[in-house]
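Asks: Sending over a structure as structure tokens; questions will come in a sec.
Just so it is clear, none of the values below were taken in a lab; they were calculated from the coordinates. Source: prediction; values computed, not measured. Don't worry about glycine lacking a Cβ; one is built from the backbone with ideal geometry, like all the others, and counts go over all protein chains shown.
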Amino acid sequence: MLQRPIELAQYCSADFARACARWKVRQSMGRVGSCFDNAVAEATFSTIKVEYVHRHQFRTRTEARLKIATWITDFYNRRRRHSVCDGRSPIDYERSTTHVLENQAA
């Protein structure tokens, strides 16, 4: 998939790097032509756009950021079922795997 340079800039901007550092997210920038770093992010953002952003109107960027972040926190991570998580929400999946790992360690 070819991307315009403006789209690539959002992943290597100084603001984005600072946000990643603040949230303890490790940035991964693969070589040109490698789809692996980008695929998960693109799939996630696509889902967010289709299921929430394109269904709402926002008066300001600040309102959009707040409402999108709230939707991700309250619905996407807590209630929305994900096929990659065996049909559970990410929060439920993480709790179940943490519980299993704790039992294996004991």
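Asks: Beta carbons within 10 angstrom, averaged per residue: use that to sort the peptides 44-52, 58-66, highest first.
Replies: Per-residue mean Cβ counts within 10 Å order the peptides as 44-52, 58-66.
Asks: Still on this model: When a footprinting reagent is the concern and you count Cβ atoms within 10 Å, what order do TRP71, TRP23 take, fewest first?
Replies: TRP23, TRP71
Asks: Please list, short to long, the whole-number percent of alpha-carbon pairs of the stretch 49-93 in consecutive 5 angstrom bins beginning at zero.
Replies: That works out to 5, 23, 24, 21, 13, 9, 5, 0, in percent per bin.
Asks: A further question on this structure: Full extension from HIS56 to VAL25: what is 0.36 nm times the residue separation minus their Cα-Cα distance, to one decimal in nm?
Replies: 8.4 nm
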